[in-house]
Amino acid sequence: MRIDILTVVPDLLTSPLNESILRRAQEKGLAEIVVHNIRDHTPYKHGQVDDYPFGGEAGMVMMVEPVYRLIEKLKSERHYDEIIFTSPDGVQYNQREANRLSLMKNIIILCGHYKGIDYRIREHLITREISIGDYVLTGGELAACVIADSVVRIIPGAIGDEASALTDCFQDNLLAPPVYTRPSEFNGWKVPDVLLSGNFAEIEKWQEEQAYERTKTLRPDLL
Ligand code: SAH
């Protein structure tokens, strides 16, 4: 799949999108993530992309035209399944939405900055508005990284052991069971015996019970 991210601060995205699983997924050709600097598409002088709000509120607002030009250019090159705006008043992001997006071929993620973005962009160009939680960030870049990371890691083949993504929290609406590694005893703290038993049916049963019990205790709303 291809993810185009539109931002006024492209440097914020460099490291999160180019390490670990996301880097490998791109190297394997499973995902292509392209970051665009909105400033490169402004018709205004000195790379201007924001201006004072009508009505005299405090803060600066991202202008329509640079974003419009960039989105229209991208749309002329390929079909986009979703044009997303990151926004604290959007629908709350979750694993179900990540799964849905991971099945798409091309998506755009537009990052707001400053006081926000001229509302006409949201009215006329955006197909989906996503919030990553009830708090306010400086810009949509970190939200775009959260979306890109959670979507790309579940593309089949992105994670070495594919089954691993399917046993994470929220798949099946359950929290993940605890995991342990060597040594089997440290400081007197022991790994549950069943995990060392080699009895895979018992281990699976234990993991299912743990997932259910943890969900019941920590997140009963998921059940
Ligand atoms: N004045 C706006 C907030 C602007 S914050 C308001 O009160 O709604 C600047 C930008 O950061 C936003 O345009 C949005 O793109 C991004 N952003 C802030 N919080 C976010 C969140 N919780 N989820 C997704 N994007 C967010």
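Quick rundown of the values:
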read-out	value
Of residues in the stretch 104-146 being among the β-branched types (Val, Ile, Thr) and in contact with a strand residue (DSSP E or B) (Cβ under 6 Å, 6 or more places away or on another chain), the one nearest to Val91 (Cα to Cα)	Ile130
Those residues of the stretch 49-79 which are hydrophobic (A, V, I, L, M, F, W, C) and at pLDDT below 95, in sequence order	Ala58
Near pairs, Cβ below 7 angstrom, 6+ apart or cross-chain, from the stretch 101-117 (farther than 15 Å from Leu142 by Cα and free of Cβ contacts under 8 Å to residues at least 60 places away in the same chain) to any residue that is within 13 Å of the ligand (Cβ to nearest atom) and among the basic types (Lys, Arg)	none
Cβ-Cβ under 9 Å pairs, at least 6 apart or on other chains, the stretch 127-139 side within 18 Å of Tyr114 (Cβ to Cβ), far side part of a strand (DSSP E or B) and more than 6 Å from the ligand (Cβ to nearest atom)	Glu129/Ile84; Glu129/Phe85; Glu129/Gly90; Glu129/Val91; Ser131/Gly90; Ser131/Val91; Ser131/Gln92; Gly139/Thr7
Qualifying positions in the stretch 2-20 - open to solvent by less than 40 Å² (accessible area, probe 1.4 Å) and either farther than 14 Å from Pro66 by Cβ or in contact with a Phe, Trp or Tyr (Cβ under 9 Å, 6 or more places away or on another chain) (or both)	Arg2, Ile3, Asp4, Ile5, Val8, Leu13, Leu17
Among the residues listed as Asn187, Asn173, the single one being on the phi > 0 side of the Ramachandran plot, without any contact (Cβ under 8 Å) to a residue 24 or more places away in the chain and open to solvent by 20 Å² or more (accessible area, probe 1.4 Å)	Asn187
Any pair with Cβ under 8 angstrom, 6 or more apart, that starts in the stretch 70-90 at a residue that is within 13 Å of Cys111 (Cα to Cα) and ends at one that is open to solvent by 60 Å² or more (accessible area, probe 1.4 Å) and part of a strand (DSSP E or B)	Ile83/Arg128; Ile84/Arg128; Phe85/Arg128; Gly90/Arg128
Subset tally (residues that are touching a Lys or Arg at 6+ places or on another chain (Cβ under 9 Å) and open to solvent by less than 70 Å² (accessible area, probe 1.4 Å)) for the stretch 21-34	7
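The values are calculated or read from the model by the stated rules, or taken from the named source; none is laboratory data. Computed from a predicted model, the values in this text were never measured in an experiment. Neighbour counts run over all protein chains shown; Cβ positions are idealised from the backbone, glycine included. Just the protein is used for accessible areas: all its heavy atoms, side chains included, with ligands, DNA and RNA removed. Shrake-Rupley method; radii C 1.70, N 1.55, O 1.52, S 1.80 Å.
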